[in-house]
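*Asks:* Before I ask anything, here is the structure I am working with.
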Amino acid sequence: MYKQFLYLCIYFSVGALCLTDSVRAEILIRIPENICCAEDHTVIIPLEISGSQHAEIGGYMLRLDYDEQILTNPAIITEGTLSEKNSDLMSGKAWPGDPWDFTVGTGFGFSASQDGVLVAIRFDVSAGFVSGTIPVSFVNINEDTYLNADLLRTGMELEIIPAEYISGSVILCPSPPEADTEEIMTAYLPCDFDKNGKADHPDIDNFKLKWLSACDESGWDSQYDLKEDCRINVWDLSYFADCFSEIKP
């Protein structure tokens with residue numbers, strides 16, 4: 001049916017019968033350029049959408065590439081975005097061998113009825129990179145990065161909605177004040193949450209308090225997210241157990 005409609009549009013291209021496709025073609029997904037790093041060495045990157053009205057977007061999958069030596073601990077922010085009420089939103093870092101670094105998206109339950117921010121991602125910016133910019137790019141447009149019609153409505157068949165994707169960049173933070181030399185020389189393993197040089201009961205108690213928390217909730221602390229997937233769950237417990245056994249006296 002869609003092909004027949006497309007043929008009609010081409011045949012009658014002199015007229016205005018291709019309005020539906022022209023509206024869809026105007027959808028724009030953008031990462032702003034030169035986003036400034038905050039004083040606390042963090043940056044929030046909004047993934048913006050425009051021209052989405054009447055496009056019947058039911059989901060999206062956005063995959064990003066960036067320098068993981070500079071941008072670390074990615075966490076999605078849904079509050080105040082178009083994805084705020086989507087409980088099916090998923091995110092996570094890539095598996096080894098994937099051509100991207102981070103994914104955020106959902107296959108259904110989403111509806112963009114206005115221009116705005118689809119979702120935002122918060123990063124820590126590593127100290128030591130003190131000048132210039134770092135690109136943040138969309139990966140594999142219309143293959144791994146795409147907008148789609150609601151999968152439940154299409155019988156779980158992926159129907160990609162045409163859009164243009166524009167990548168952006170982050171301005172790196174100025175160098176932080178020099179830390180205490182003794183603190184620099186001390187290296188703590190990830191499960192030593194209270195930084196006392198050993199794994200003990202306070203670390204276990206602290207981990208319990210953060211159990212099943214997520215990055216968009218108040219009181220979030222990324223040091224307990226050992227898998228760096230924006231949730232404290234069984235994956236983090238596995239990492240914690242390995243680390244705990246490694247440094248336990």
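*Asks:* Among the candidates S113, S137, S131, which residue alone is at pLDDT 90 or above and among the polar types (S, T, N, Q)?
*Replies:* S137
*Asks:* Does I57 satisfy the criteria of being buried (at least 18 other Cβ atoms within 10 Å of the Cβ) and outside any loop (DSSP other than H, G, I, E, B)?
*Replies:* no
*Asks:* Quick check on my filter: what residues within region 211-221 are at pLDDT 85 or above and either of a type in the set (D, E, K, R) or in contact with a strand residue (DSSP E or B) (Cβ under 7 Å, 6 or more places away or on another chain) (or both)?
*Replies:* Within region 211-221, A214, D221 qualify.
*Asks:* Hey, another quick one. Filter region 207-243 down to residues that are of a type in the set (A, V, I, L, M, F, W, C) and buried (at least 18 other Cβ atoms within 10 Å of the Cβ) and give me whichever is farthest from T103 (Cα to Cα).
*Replies:* Ranking the candidates gives F207 first.
*Asks:* Just the residues that are of a type in the set (A, V, I, L, M) and either surrounded by fewer than 21 Cβ atoms within 10 Å (Cβ to Cβ) or more than 12 Å from V170 (Cβ to Cβ) (or both), please, taken from region 21-41.
*Replies:* Selection gives V23, A25, I27, L28, I29, I35, A38.
*Asks:* Any idea which of (1) in contact with a Lys or Arg (Cβ under 9 Å, 6 or more places away or on another chain); (2) buried (at least 19 other Cβ atoms within 10 Å of the Cβ); (3) modelled with pLDDT of 95 or more is the one I44 doesn't satisfy?
*Replies:* Only one criterion in (1) in contact with a Lys or Arg (Cβ under 9 Å, 6 or more places away or on another chain); (2) buried (at least 19 other Cβ atoms within 10 Å of the Cβ); (3) modelled with pLDDT of 95 or more is unmet by I44, namely (2).
*Asks:* Also: Please list, ordered by residue number, the strands (runs of 3 or more DSSP E) wholly in region 68-181 having 3 or more residues that are assigned by TED's automatic domain parsing to the domain that holds G58, of a type in the set (D, E, K, R) and buried (at least 16 other Cβ atoms within 10 Å of the Cβ).
*Replies:* Ranges flagged: none.
The values are calculated or read from the model by the stated rules, or taken from the named source; none is laboratory data. For clarity, every value in this text was computed on a predicted model and none was experimentally measured. With ideal geometry, Cβ positions are generated from the backbone for all residues, glycine too; neighbour counts draw on all protein chains shown.
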